[in-house]
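Before any comments, here is the structure.
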Amino acid sequence: MKGLGIAQDFYTEWGNDYLERVFPDLAKRVAIGRVFGSDVIGADDEISKDHNWGPQFTIFLSAVDYAEQGKKLSEVMNAAAPNPWKGFRLDGAGDRSVEVESIPNWIETWIGFSEPPSRNEDWGIIVKERIDGGINEARESILYFLRHAAIWYDGSGEMSRWRESLHYYPETIWCLRLAEELFRVWQHGEYNFVQRVAKRDDPLAKIVCIGEFVDGVMRTVLLLNRDYTPYWKWLAHEFRKLEAAKSYVPLLEELTSVSTSERQAEIVLKVCGEIHQTMKNSGVITEEGDNHPFPLLHAHSELLAKGKSN
């Protein structure tokens, strides 16, 4: 049984009943679910069981409810929580079967917003141009997990309103974010790998460059599918889920396993060409960059201009 199913069963059969009996008024206003963890995205396996896996859920409270009852709620529920649950034991979570969080504090701590973003400028805490520091990948990863979270109940609707407001980037911010990733793909692909690293054939330099290139390609494809990107450990797992990734997966796997620089350079150029064509087909960019020596660099410039237009 997968971890998320165990967690939901633990909440449904024990947590919900206990909360309604012991904290009946509060139970009507909380949000409950799982946000963090490999189990949330279906990536958990035997290795995952050593920490924060299994019978565990998080209760999210308003700021007022957390200040008044958060500590007591955590102490009482964790003291009462059965562990193991139906043969499944929670390990490595500080023995906290029930995490209790303040919604606004959780959002501000992990993502940086003290209130829902209402202007494009508000997203600057996550997306900046490369010259100003670039993307905050840690915060974007939290946005990814928040978007794909398993929220089983939301009595007050506060968590749902936050999730709706943070569902995805506004169009101009998306253009800036995609431009940042395209620059990375170009820099480690069309430019540095093909023009320099492959010719020098230093095996360590190739590994570093290819790693950055593959990471950038996977993030680019996720962004083109209008999603956030998770942190590196689960990036490939989530990338493989996409229909759009099917043509890239065999190329990227060959790129990381083949040893000849000539073939690697061919694959890099093919991948870059596919990304460029996909963006043209979807109207993200124009055909102006077709004759540019570095099409993705031209695409980066187009997207940067779009991102600054409003």
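The values are calculated or read from the model by the stated rules, or taken from the named source; none is laboratory data. Please read these numbers as outputs of a predicted model, since none were measured by experiment. Counting neighbours? That spans all protein chains shown, and the Cβs are built from the backbone with ideal geometry, glycine included.
Identify, please: which residue in segment 1-59 is touching a Ser or Thr at 6+ places or on another chain (Cβ under 7 Å) and among the hydroxyl-bearing types (S, T, Y) and is, among those, surrounded by the most Cβ atoms within 10 Å (Cβ to Cβ)?
The selected residue is S38.
How do the pairs read when you match residues in segment 194-208 that are within 18 Å of E254 (Cβ to Cβ) with residues anywhere that are modelled with pLDDT of 95 or more and β-branched (V, I, T), using Cβ under 6 Å and keeping only pairs 6 or more apart or on different chains?
V194/V268; K206/V197
Looking only at helices (runs of 4 or more DSSP H) that lie completely in segment 1-84, which have at least 2 residues being over 29 Å from the mean Cα position of the chain (by Cα)?
16-22, 24-27, 71-80
Please find, within segment 247-259, the residue that is surrounded by the most Cβ atoms within 10 Å (Cβ to Cβ) out of those that are assigned to a loop (DSSP other than H, G, I, E, B) and not small (G, A, S).
Step by step, filter segment 247-259, then rank; the result is Y248.
With respect to V249, is the statement that it is out of contact with any helix residue (DSSP H, G or I) (no Cβ under 7 Å at 6 or more places or on another chain), among the aliphatic types (A, V, I, L, M), farther than 30 Å from K308 by Cβ and at pLDDT 95 or above true?
The answer is no for V249.
Name the residues in segment 125-151 that are within 13 Å of the chain's Cα centre (by Cα) and in contact (Cβ under 8 Å) with a residue 60 or more places away in the chain, would you?
Result: E137, A138, E140, S141, L143, Y144, F145, L146, R147, H148, A149.
Can you work out which of the residues in segment 68-82 that are touching a helix residue (DSSP H, G or I) at 6+ places or on another chain (Cβ under 9 Å) and hydrophobic (A, V, I, L, M, F, W, C) is surrounded by the fewest Cβ atoms within 10 Å (Cβ to Cβ)?
Top of the filtered list is A80.
State whether one or more residues within segment 97-111 are surrounded by 18 or more Cβ atoms within 10 Å (Cβ to Cβ) and more than 21 Å from L26 (Cα to Cα).
Yes, because at least one residue in segment 97-111 is surrounded by 18 or more Cβ atoms within 10 Å (Cβ to Cβ) and more than 21 Å from L26 (Cα to Cα).
Among D44, D25, which is out of contact with any Cys (no Cβ under 7 Å at 6 or more places or on another chain) and at pLDDT below 95?
One residue alone meets the criteria, D44.
Between a first residue in segment 64-88 that is under 30 Å from M1 (Cα atoms) and a second residue that is part of a strand (DSSP E or B), which pairs have beta carbons less than 7 Å apart while being 6 or more apart in sequence or on different chains?
Pairs found: L73/I59; L73/V100; S74/V98; S74/V100; M77/V98; N78/V98; A81/V98.
Looking at this structure, is V271 of a type in the set (V, I, T), touching a residue at least 40 places away in the same chain (Cβ under 8 Å) and within 30 Å of W110 (Cα to Cα)?
When the stated conditions are applied, V271 does not pass them.
Go through segment 209-246 residue by residue and tally those that are without any contact (Cβ under 8 Å) to a residue 60 or more places away in the chain and not in a helix (DSSP H, G or I).
5
Among all residue pairs at least 6 apart or on different chains, which show Cβ distances below 6 Å where the first residue, located in segment 1-15, is farther than 13 Å from G87 by Cα and the second is surrounded by 20 or more Cβ atoms within 10 Å (Cβ to Cβ) and acidic (D, E)?
L4/D39
Among what's in segment 260-310 and is in a helix (DSSP H, G or I) and among the polar types (S, T, N, Q), pick the residue that is surrounded by the fewest Cβ atoms within 10 Å (Cβ to Cβ).
Going through the qualifying residues, I end up with N281.
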